[in-house]
1. Counting only heavy atoms of the protein chains, get the accessible area per residue of the chain (1.4 Å probe) and round it to a whole Å² value.
2. Grab every C-alpha pair in region 29-170, bin the distances at 5 angstrom width from 0 up to the longest one, and report whole percents.
3. Could you give me D for region 94-240, from Stokes-Einstein at 37 °C and 0.692 mPa s, where the hydrodynamic radius is the Kirkwood radius over C-alpha pairs? Units µm² s⁻¹, please.
4. Sorted by average packing, counted as other Cβ atoms within 10 angstrom per residue and highest first, what order do 30-36, 182-188, 111-117 take?
5. Expressed as a whole percentage, what fraction of the accessible surface of region 138-228 belongs to carbon and sulfur atoms when a 1.4 Å probe is rolled over the protein heavy atoms?
6. With θ taken as phi - 60° and the coefficients 6.51, -1.76 and 1.60, list the Karplus ³J(HN,Hα) couplings across region 31-39 in order, rounded to whole Hz; mark glycine and proline as x.
7. Which lysines, on any chain, are close to residue 237 with Cα under 21 Å apart, when same-chain ones fewer than 8 places away are left out?
8. At 222 nm, what value in deg cm²/dmol follows for the chain if DSSP H runs of at least 4 each add -39500 (n - 2.57) and the sum is divided by all its residues, to the nearest 500?
Amino acid sequence: MADSAQTLDGPSRSMVEARGLVKAYGHVRALDTVDFRVETGEVVAIVGASGSGKSTLLRCLNYLDPPNEGDVWINGHLMGAVETVNGVRKASEREIRRHRADIGMVFQHFNLFPHMTVMQNIIEAPIAVRAMARGEAIEAARELLASVGLADKQDAFPAELSGGQQQRVAIARALAMRPRVMLFDEPTSALDPELVDEVLRVMRQLAQDSMTMLVVTHEMSFAEDVADRLVFFDKGKIIEQGKPAEVLRAPSHQRTQAFMQRILRRGQ
Ligand SMILES: Nc1ncnc2c1ncn2[C@@H]1O[C@H](COP(=O)(O)OP(=O)(O)OP(=O)(O)O)[C@@H](O)[C@H]1O
Ligand SMILES: [Mg+2]
(Lines give C-alpha, C1' and ligand atoms only; values in the text may rest on other atoms or scores of the structure.)
(Ligands and ions follow the chains in the order given, each with its own letter.)
Protein backbone atom coordinates (compact mmCIF):
# COMPACT_ATOMS: atom_id res chain seq x y z
CA MET A 1 0.00 0.00 0.00
CA ALA A 2 1.23 3.45 -0.88
CA ASP A 3 0.84 4.87 2.60
CA SER A 4 2.00 1.84 4.57
CA ALA A 5 2.72 3.53 7.87
CA GLN A 6 5.52 2.26 10.05
CA THR A 7 5.39 2.76 13.76
CA LEU A 8 7.31 4.74 16.28
CA ASP A 9 8.52 1.54 17.99
CA GLY A 10 9.09 -0.28 14.72
CA PRO A 11 6.62 -2.13 12.53
CA SER A 12 5.04 -5.41 13.49
CA ARG A 13 6.00 -8.45 11.43
CA SER A 14 2.87 -10.32 12.52
CA MET A 15 -0.30 -10.24 10.42
CA VAL A 16 -2.20 -8.85 13.41
CA GLU A 17 -0.72 -7.21 16.45
CA ALA A 18 -2.41 -5.29 19.23
CA ARG A 19 -0.53 -3.67 22.09
CA GLY A 20 -2.12 -2.30 25.24
CA LEU A 21 -5.66 -2.18 23.84
CA VAL A 22 -8.20 -0.52 26.11
CA LYS A 23 -11.85 -0.01 25.21
CA ALA A 24 -14.25 1.37 27.79
CA TYR A 25 -18.01 1.87 27.59
CA GLY A 26 -18.88 4.08 30.55
CA HIS A 27 -17.36 2.32 33.53
CA VAL A 28 -17.20 -1.08 31.74
CA ARG A 29 -13.73 -1.99 30.49
CA ALA A 30 -14.73 -4.16 27.53
CA LEU A 31 -11.01 -4.55 26.74
CA ASP A 32 -8.59 -4.14 29.58
CA THR A 33 -5.03 -3.69 28.33
CA VAL A 34 -4.95 -6.50 25.79
CA ASP A 35 -1.77 -7.58 24.01
CA PHE A 36 -2.48 -9.91 21.14
CA ARG A 37 -0.64 -11.20 18.11
CA VAL A 38 -1.56 -13.43 15.18
CA GLU A 39 1.05 -14.71 12.75
CA THR A 40 0.52 -14.98 9.01
CA GLY A 41 -1.45 -18.13 8.22
CA GLU A 42 -2.36 -18.72 11.85
CA VAL A 43 -5.92 -19.64 12.85
CA VAL A 44 -6.90 -18.39 16.31
CA ALA A 45 -10.14 -19.31 18.05
CA ILE A 46 -11.42 -16.81 20.59
CA VAL A 47 -13.72 -18.04 23.33
CA GLY A 48 -15.12 -16.64 26.53
CA ALA A 49 -18.36 -15.89 28.34
CA SER A 50 -20.94 -13.43 27.04
CA GLY A 51 -19.75 -9.88 27.64
CA SER A 52 -16.09 -10.85 28.01
CA GLY A 53 -14.99 -8.57 25.15
CA LYS A 54 -14.64 -10.90 22.15
CA SER A 55 -16.69 -8.81 19.70
CA THR A 56 -15.13 -5.63 21.03
CA LEU A 57 -11.68 -7.02 20.23
CA LEU A 58 -12.66 -7.68 16.60
CA ARG A 59 -14.27 -4.24 16.25
CA CYS A 60 -11.16 -2.56 17.69
CA LEU A 61 -8.83 -4.52 15.43
CA ASN A 62 -10.57 -3.28 12.29
CA TYR A 63 -11.24 0.17 13.73
CA LEU A 64 -15.01 -0.09 13.31
CA ASP A 65 -14.85 1.00 16.94
CA PRO A 66 -11.38 2.47 17.60
CA PRO A 67 -9.74 1.63 20.94
CA ASN A 68 -9.38 4.30 23.65
CA GLU A 69 -5.76 3.32 24.16
CA GLY A 70 -3.23 1.10 22.46
CA ASP A 71 -2.14 0.33 18.92
CA VAL A 72 -3.19 -2.12 16.23
CA TRP A 73 -1.05 -3.22 13.31
CA ILE A 74 -2.54 -5.16 10.42
CA ASN A 75 0.02 -6.62 8.07
CA GLY A 76 2.61 -4.23 9.48
CA HIS A 77 0.36 -1.22 9.00
CA LEU A 78 -0.53 0.91 12.02
CA MET A 79 -4.33 1.24 11.95
CA GLY A 80 -5.81 4.69 12.31
CA ALA A 81 -2.49 6.40 11.62
CA VAL A 82 -0.60 7.71 8.62
CA GLU A 83 3.11 8.41 8.56
CA THR A 84 4.16 11.71 7.08
CA VAL A 85 7.52 13.43 6.85
CA ASN A 86 6.58 15.25 10.08
CA GLY A 87 5.77 12.05 11.98
CA VAL A 88 2.64 10.01 12.53
CA ARG A 89 -0.76 11.69 12.26
CA LYS A 90 -4.30 10.43 12.81
CA ALA A 91 -5.89 8.89 9.73
CA SER A 92 -9.08 10.30 8.21
CA GLU A 93 -12.23 8.16 7.98
CA ARG A 94 -11.48 7.61 4.30
CA GLU A 95 -7.94 6.45 5.07
CA ILE A 96 -9.23 4.13 7.80
CA ARG A 97 -11.66 2.60 5.29
CA ARG A 98 -8.72 1.91 3.02
CA HIS A 99 -6.72 0.30 5.84
CA ARG A 100 -9.76 -1.83 6.60
CA ALA A 101 -9.82 -3.23 3.06
CA ASP A 102 -7.17 -5.78 4.12
CA ILE A 103 -9.53 -7.20 6.77
CA GLY A 104 -12.52 -9.39 5.93
CA MET A 105 -15.28 -9.52 8.50
CA VAL A 106 -18.11 -12.01 8.85
CA PHE A 107 -20.75 -11.44 11.53
CA GLN A 108 -23.31 -13.62 13.24
CA HIS A 109 -26.07 -12.02 11.17
CA PHE A 110 -25.20 -12.12 7.54
CA ASN A 111 -25.63 -8.42 6.76
CA LEU A 112 -26.16 -8.99 3.06
CA PHE A 113 -27.83 -6.16 1.17
CA PRO A 114 -31.41 -7.44 0.84
CA HIS A 115 -32.22 -5.52 -2.34
CA MET A 116 -29.17 -6.84 -4.23
CA THR A 117 -28.63 -10.24 -5.82
CA VAL A 118 -25.87 -12.52 -4.57
CA MET A 119 -23.64 -11.40 -7.44
CA GLN A 120 -24.31 -7.70 -6.78
CA ASN A 121 -23.58 -8.20 -3.08
CA ILE A 122 -20.20 -9.71 -3.89
CA ILE A 123 -18.97 -7.32 -6.58
CA GLU A 124 -20.11 -4.07 -4.96
CA ALA A 125 -17.13 -3.44 -2.67
CA PRO A 126 -14.36 -4.68 -5.02
CA ILE A 127 -15.63 -2.23 -7.66
CA ALA A 128 -16.33 0.69 -5.29
CA VAL A 129 -13.37 0.34 -2.90
CA ARG A 130 -10.73 -1.65 -4.80
CA ALA A 131 -11.60 0.02 -8.15
CA MET A 132 -11.72 -3.41 -9.76
CA ALA A 133 -13.05 -3.59 -13.33
CA ARG A 134 -16.61 -4.95 -13.40
CA GLY A 135 -15.74 -7.92 -15.63
CA GLU A 136 -12.86 -8.92 -13.39
CA ALA A 137 -15.04 -8.57 -10.27
CA ILE A 138 -17.74 -10.80 -11.81
CA GLU A 139 -15.17 -13.40 -12.84
CA ALA A 140 -13.68 -13.45 -9.32
CA ALA A 141 -17.16 -13.61 -7.75
CA ARG A 142 -18.07 -16.65 -9.89
CA GLU A 143 -14.96 -18.45 -8.70
CA LEU A 144 -15.67 -17.56 -5.08
CA LEU A 145 -19.29 -18.69 -5.34
CA ALA A 146 -18.11 -22.01 -6.76
CA SER A 147 -15.62 -22.37 -3.90
CA VAL A 148 -18.40 -21.94 -1.30
CA GLY A 149 -20.69 -24.34 -3.20
CA LEU A 150 -23.12 -21.72 -4.52
CA ALA A 151 -22.27 -21.49 -8.22
CA ASP A 152 -25.97 -21.70 -9.12
CA LYS A 153 -27.14 -18.91 -6.79
CA GLN A 154 -25.60 -15.79 -8.28
CA ASP A 155 -28.96 -14.31 -9.34
CA ALA A 156 -30.82 -15.14 -6.13
CA PHE A 157 -31.75 -12.51 -3.56
CA PRO A 158 -30.68 -13.09 0.06
CA ALA A 159 -34.27 -13.75 1.20
CA GLU A 160 -34.40 -16.69 -1.23
CA LEU A 161 -31.47 -18.42 0.50
CA SER A 162 -31.18 -20.46 3.69
CA GLY A 163 -29.20 -19.03 6.60
CA GLY A 164 -26.26 -21.31 5.82
CA GLN A 165 -26.28 -20.24 2.18
CA GLN A 166 -26.49 -16.56 3.16
CA GLN A 167 -23.54 -16.98 5.50
CA ARG A 168 -21.52 -18.64 2.73
CA VAL A 169 -22.34 -15.68 0.46
CA ALA A 170 -21.20 -13.35 3.26
CA ILE A 171 -17.88 -15.22 3.39
CA ALA A 172 -17.52 -15.03 -0.41
CA ARG A 173 -18.31 -11.32 -0.25
CA ALA A 174 -15.60 -10.73 2.35
CA LEU A 175 -13.10 -12.78 0.33
CA ALA A 176 -13.87 -10.79 -2.82
CA MET A 177 -11.93 -7.89 -1.29
CA ARG A 178 -8.85 -10.15 -1.20
CA PRO A 179 -8.29 -9.59 2.51
CA ARG A 180 -5.06 -10.56 4.24
CA VAL A 181 -6.92 -11.62 7.39
CA MET A 182 -10.47 -12.75 8.10
CA LEU A 183 -12.33 -11.98 11.34
CA PHE A 184 -15.35 -14.14 12.15
CA ASP A 185 -17.72 -13.20 14.97
CA GLU A 186 -19.80 -16.27 15.89
CA PRO A 187 -20.53 -17.00 12.22
CA THR A 188 -22.65 -20.07 12.95
CA SER A 189 -24.47 -19.18 16.15
CA ALA A 190 -27.57 -17.78 14.40
CA LEU A 191 -27.92 -20.88 12.22
CA ASP A 192 -30.17 -23.89 12.62
CA PRO A 193 -27.96 -26.79 13.78
CA GLU A 194 -28.23 -28.66 10.47
CA LEU A 195 -26.79 -25.64 8.60
CA VAL A 196 -23.74 -25.14 10.81
CA ASP A 197 -21.53 -27.74 9.14
CA GLU A 198 -21.79 -26.31 5.62
CA VAL A 199 -20.42 -22.98 6.91
CA LEU A 200 -17.72 -24.60 9.05
CA ARG A 201 -16.65 -26.63 6.01
CA VAL A 202 -16.02 -23.43 4.04
CA MET A 203 -14.05 -21.98 6.96
CA ARG A 204 -12.02 -25.17 7.31
CA GLN A 205 -11.10 -24.99 3.62
CA LEU A 206 -10.08 -21.36 4.04
CA ALA A 207 -7.79 -22.34 6.92
CA GLN A 208 -6.28 -25.10 4.79
CA ASP A 209 -5.64 -22.51 2.10
CA SER A 210 -3.50 -20.66 4.70
CA MET A 211 -5.79 -17.70 5.33
CA THR A 212 -5.00 -15.90 8.58
CA MET A 213 -8.18 -16.19 10.66
CA LEU A 214 -9.58 -15.03 13.99
CA VAL A 215 -12.73 -16.87 14.87
CA VAL A 216 -14.97 -16.07 17.83
CA THR A 217 -16.86 -19.31 18.30
CA HIS A 218 -18.59 -21.70 20.65
CA GLU A 219 -17.90 -24.58 18.26
CA MET A 220 -15.27 -26.31 20.35
CA SER A 221 -14.75 -29.24 18.00
CA PHE A 222 -14.08 -26.79 15.16
CA ALA A 223 -11.68 -24.87 17.41
CA GLU A 224 -9.87 -28.07 18.34
CA ASP A 225 -9.63 -29.39 14.78
CA VAL A 226 -8.88 -26.19 12.90
CA ALA A 227 -7.37 -23.57 15.20
CA ASP A 228 -3.65 -23.41 15.88
CA ARG A 229 -4.33 -21.55 19.11
CA LEU A 230 -7.23 -20.98 21.43
CA VAL A 231 -7.47 -17.69 23.32
CA PHE A 232 -9.72 -17.43 26.33
CA PHE A 233 -11.21 -14.05 27.26
CA ASP A 234 -12.57 -13.08 30.65
CA LYS A 235 -13.71 -9.59 31.67
CA GLY A 236 -11.78 -7.86 28.91
CA LYS A 237 -8.55 -9.76 29.45
CA ILE A 238 -6.88 -12.80 27.93
CA ILE A 239 -6.57 -15.12 30.90
CA GLU A 240 -5.39 -18.24 29.12
CA GLN A 241 -4.20 -19.34 25.69
CA GLY A 242 -2.46 -22.24 24.04
CA LYS A 243 -2.95 -25.25 21.80
CA PRO A 244 -6.72 -25.85 21.63
CA ALA A 245 -6.54 -29.49 22.73
CA GLU A 246 -4.51 -28.53 25.79
CA VAL A 247 -6.64 -25.56 26.84
CA LEU A 248 -9.84 -27.55 26.24
CA ARG A 249 -8.74 -30.71 28.05
CA ALA A 250 -6.76 -29.21 30.88
CA PRO A 251 -7.58 -25.54 31.40
CA SER A 252 -5.32 -24.12 34.05
CA HIS A 253 -7.45 -21.16 35.06
CA GLN A 254 -10.46 -21.73 37.29
CA ARG A 255 -12.69 -19.46 35.16
CA THR A 256 -11.68 -21.30 31.98
CA GLN A 257 -12.55 -24.61 33.66
CA ALA A 258 -15.99 -23.34 34.66
CA PHE A 259 -16.65 -22.00 31.16
CA MET A 260 -15.60 -25.25 29.48
CA GLN A 261 -17.84 -27.26 31.80
CA ARG A 262 -20.81 -25.06 30.88
CA ILE A 263 -20.06 -25.48 27.16
CA LEU A 264 -19.67 -29.25 27.46
CA ARG A 265 -22.95 -29.55 29.39
CA ARG A 266 -24.73 -27.55 26.70
CA GLY A 267 -23.30 -29.77 23.99
CA GLN A 268 -24.70 -32.96 25.56
N1 LIG B 1 -21.61 -0.23 21.98
C2 LIG B 1 -21.55 -0.53 23.28
N3 LIG B 1 -22.04 0.32 24.21
C4 LIG B 1 -21.97 0.03 25.53
N5 LIG B 1 -21.44 -1.10 26.03
C6 LIG B 1 -20.95 -1.98 25.16
C7 LIG B 1 -20.98 -1.75 23.75
N8 LIG B 1 -20.40 -2.81 23.13
C9 LIG B 1 -20.04 -3.65 24.11
N10 LIG B 1 -20.35 -3.18 25.33
C11 LIG B 1 -20.07 -3.84 26.62
O12 LIG B 1 -18.72 -4.28 26.59
C13 LIG B 1 -18.60 -5.57 27.18
C14 LIG B 1 -18.03 -6.54 26.16
O15 LIG B 1 -18.98 -6.73 25.12
P16 LIG B 1 -18.72 -7.66 23.86
O17 LIG B 1 -19.86 -7.47 22.95
O18 LIG B 1 -17.36 -7.44 23.34
O19 LIG B 1 -18.76 -9.12 24.52
P20 LIG B 1 -18.72 -10.56 23.83
O21 LIG B 1 -17.64 -11.32 24.49
O22 LIG B 1 -18.67 -10.43 22.35
O23 LIG B 1 -20.13 -11.18 24.27
P24 LIG B 1 -21.13 -12.17 23.48
O25 LIG B 1 -20.58 -13.57 23.66
O26 LIG B 1 -22.44 -12.01 24.20
O27 LIG B 1 -21.20 -11.74 22.05
C28 LIG B 1 -20.00 -5.94 27.67
O29 LIG B 1 -20.08 -5.60 29.02
C30 LIG B 1 -20.91 -5.08 26.82
O31 LIG B 1 -22.10 -4.80 27.50
MG1 LIG C 1 -19.97 -10.92 20.80
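1. For the chain, the per-residue accessible area is 49 Å².
2. Spelled out per bin, shortest first, that is 2, 8, 15, 16, 17, 16, 13, 8, 4, 1, 0.
3. Reported coefficient: 207 µm²/s.
4. Highest to lowest by the protection proxy: 182-188, 30-36, 111-117.
5. Of all accessible area on region 138-228, carbon and sulfur atoms account for 42 percent.
6. Per-residue couplings from phi come out as 10, 10, 6, 9, 10, 7, 9, 10, 7 Hz.
7. Output for residue 237: 23, 54.
8. Numbers: 9 runs with 97 residues, N = 268.
Here the helix-only value at 222 nm equals -11000 deg cm²/dmol.
The values are calculated or read from the model by the stated rules, or taken from the named source; none is laboratory data. Predicted model, so just to flag it, every value in this text is computed and none were measured. With ideal geometry, Cβ positions are generated from the backbone for all residues, glycine too; neighbour counts draw on all protein chains shown. For accessibility, only protein heavy atoms count, side chains too; no ligands or nucleic acids. Shrake-Rupley method; radii C 1.70, N 1.55, O 1.52, S 1.80 Å.
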